[in-house]
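Here the structure comes first, spelled out in structure tokens, and everything after it is commentary.
The values are calculated or read from the model by the stated rules, or taken from the named source; none is laboratory data. Computed from a predicted structure; not experimentally measured. Cβ sites come from the backbone with ideal geometry, for glycine too, and all protein chains shown count toward neighbours.
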């Protein structure tokens, strides 16, 4: 299996500690720079208001199997969490598109370091992908 980056993400965050825990917690507009050879794949993306961004968290710890979160100090397995430290350090966020110009997509924020590899972009559709009754029992306690 081989993944190929399709571009790079630009954020104001230079250290992991500076990154927001979730993209929705970001107050900074950021950009997705799609490599020129993939620019034609952006055709009609401006018809979507939001996108799913998949990216490689290159500085995350791949050896952690138990972590805590900012909501409490209970140790949980990485697959029960949305944290970045995990065996395959993929990040996934739903973000709002602010602008698309050529191969640059300006978004309303994301939770990764500047220079993070962009793996994929998919349009987000709330009618088919939102499950309002979905819960995580410990979240929000």
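Among the residues making up the range 55-75, those that are surrounded by fewer than 16 Cβ atoms within 10 Å (Cβ to Cβ), assigned to a strand (DSSP E or B) and out of contact with any helix residue (DSSP H, G or I) (no Cβ under 9 Å at 6 or more places or on another chain) are 68, 72, 73, 74, 75.
In this structure, residue 105 qualifies as within 24 Å of residue 40 (Cβ to Cβ), touching a helix residue (DSSP H, G or I) at 6+ places or on another chain (Cβ under 8 Å) and either free of Cβ contacts under 8 Å to residues at least 60 places away in the same chain or assigned to a strand (DSSP E or B) (or both).
The number of residues in the range 113-141 that are within 14 Å of the chain's Cα centre (by Cα) and either within 11 Å of residue 33 (Cα to Cα) or outside any loop (DSSP other than H, G, I, E, B) (or both) comes to 9.
Residue 110 satisfies every condition listed in (1) in contact (Cβ under 8 Å) with a residue 40 or more places away in the chain; (2) in a strand (DSSP E or B) except (2). Could you grab me the full set of residues in the range 103-141 that are surrounded by 10 or more Cβ atoms within 10 Å (Cβ to Cβ), more than 16 Å from residue 30 (Cβ to Cβ) and in contact with a strand residue (DSSP E or B) (Cβ under 9 Å, 6 or more places away or on another chain)? Result: 120, 122, 123, 124, 125, 126, 129, 138, 139. Per the conditions (1) touching a helix residue (DSSP H, G or I) at 6+ places or on another chain (Cβ under 7 Å); (2) more than 17 Å from residue 5 (Cα to Cα); (3) modelled with pLDDT of 95 or more, the sole criterion not satisfied by residue 97 is (1).
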